[in-house]
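To start, the structure itself, in structure tokens.
The values are calculated or read from the model by the stated rules, or taken from the named source; none is laboratory data. Quantities reported herein were computed from a predicted structural model and do not represent experimental measurements. Backbone-built Cβ (ideal geometry, glycine too); neighbour counts: all protein chains shown.
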Amino acid sequence: MSAVERPRLRARLAVVYGAAAVLLGAVPVAIVGLGAWTGRSTEAVGAGPGGVDAGNTGSVLVAVGVGLVVVALVAAPIGWALAGRALRPLRELTSAASGASADRLPRHGELGRYAEFAALSATLADLYARLDGAYAAQRRFVADASHELRTPLTAQRALIQLTLTDPDADTTSMRAALADLLRNGEQQERLVAGLLALAQGQQGRVTTEPVDLAALVARALAARDPAPVMIHTDLEPAVVAEGDPTLLASLVGNLLDNAIRHNVDGGRVDVGTRRTPGLVDRVGAARHGTVLTISNTGPVVPADAVDRILTPFQRLTTPRTGTAGSGLGLAIVRAIAEAHGADLRVTPHPGGGLTVTVTFAAGGQVSSSERPASMRDH
């Protein structure tokens with residue numbers, strides 16, 4: 001709470017209303033008083049034909065002063081009441097907001113009834129609706145994450161107990177148990193890394209700088225063993241003018257891992273980067289967007305399951321190649337795409353597999369003499 005006492009809007013409105021009433025009341029009274037003071041006839045303002053003589057001037061001025069005081073005394077409480085009534089919708093909004101919680105958020109009808117506050121009411125209602133969705137998603141995420149983390153921990157505990165209670169355990173069985181524990185630990189490590197990447201993607205961009213998607217794809221491919229699938233690339237320099245290099249590298253890596261893991265032996269993964277058609281800005285410079293496309297063969301994905309596979313911890317099938325994933329890959333991709341304001345489209349193939357297209361909005365400038373250099377089929 002601020003140490004400086006802030007003025008109250010209601011008090012200021014009451015003063016304004018009261019002052020307006022006094023001024024409006026003072027005008028006719030002042031006209032009468034002016035006529036009496038100058039000794040002129042007040043017939044024009046409603047007095048009798050005889051006017052007001054000089055002997056009555058003092059009493060008229062006193063009456064004027066008393067009248068203004070009475071108007072001020074009456075206007076003050078009326079102004080206070082009118083100001084309170086005018087500010088009632090704000091009090092209703094404040095009351096509704098103060099009573100909000102993660103389990104109960106105000107509805108639109110609880111946020112004021114007056115047309116003048118319709119925009120503010122609608123804005124708050126939309127905010128509360130988004131918060132409600134975020135709270136629900138957070139609760140689901142925590143429940144799913146707890147389940148996913150509990151499963152490998154339970155497996156580790158069972159493996160350790162079986163090994164310790166085995167009277168015939170020897171060096172070989174111990175080594176086998178340790179190898180299983182190591183694999184289990186690696187699975188947990190991948191899960192925690194996925195959770196961290198998802199949290200960073202949902203948090204939004206930390207840094208913004210030009211990022212070449214083609215370079216990110218080349219580095220990601222160099223760090224991976226795609227066997228037993230074939231990787232085909234068609235990479236043009238495609239710069240995201242304002243991107244977070246760490247998050248975009250995570251986006252590319254997760255898409256590649258997903259395309260390789262959910263594939264078939266001898267399958268194919270196609271990776272491409274390109275510019276969108278150039279646009280001309282107000283100073284005549286060409287500007288372009290960028291597109292990343294990754295397509296793979298693999299099991300058939302029903303069209304109505306696309307939203308599901310973009311949700312954390314949702315898996316439609318067991319991976320055909322590579323190791324099991326955490327179920328976070330495409331959820332991470334969606335979070336990072338949203339953080340960059342990019343359009344994410346996931347299209348299933350009738351014969352199996354997916355095409356994932358991420359389109360980033362127009363950004364950096366391109367000179368008319370620049371020509372893309374392509375890298376094909378690595």
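Just a few scattered comments:
- Some residue of the range 141-162 being assigned to a helix (DSSP H, G or I), of a type in the set (Phe, Trp, Tyr), free of Cβ contacts under 8 Å to residues at least 40 places away in the same chain and outside the structural domain of Leu256 (by TED's automatic domain parsing): no
- Counting only strands (runs of 3 or more DSSP E) wholly contained in the range 203-273, the ones carrying 3 or more residues that are over 20 Å from Glu338 (Cβ atoms) occupy 230-235.
- Taking the range 185-199 as the range and being more than 25 Å from Ala339 (Cα to Cα) and modelled with pLDDT under 75 as the test, only Gln187 passes.
- For the criterion of being surrounded by fewer than 17 Cβ atoms within 10 Å (Cβ to Cβ) and outside the structural domain of Thr246 (by TED's automatic domain parsing), Ala177 fails.
- Flag for Val229 being assigned by TED's automatic domain parsing to the domain that holds Arg274, surrounded by 15 or more Cβ atoms within 10 Å (Cβ to Cβ) and in contact (Cβ under 8 Å) with a residue 60 or more places away in the chain: yes
- Hey, Gly284 more than 29 Å from the chain's Cα centre (by Cα) and at pLDDT 90 or above or not: no
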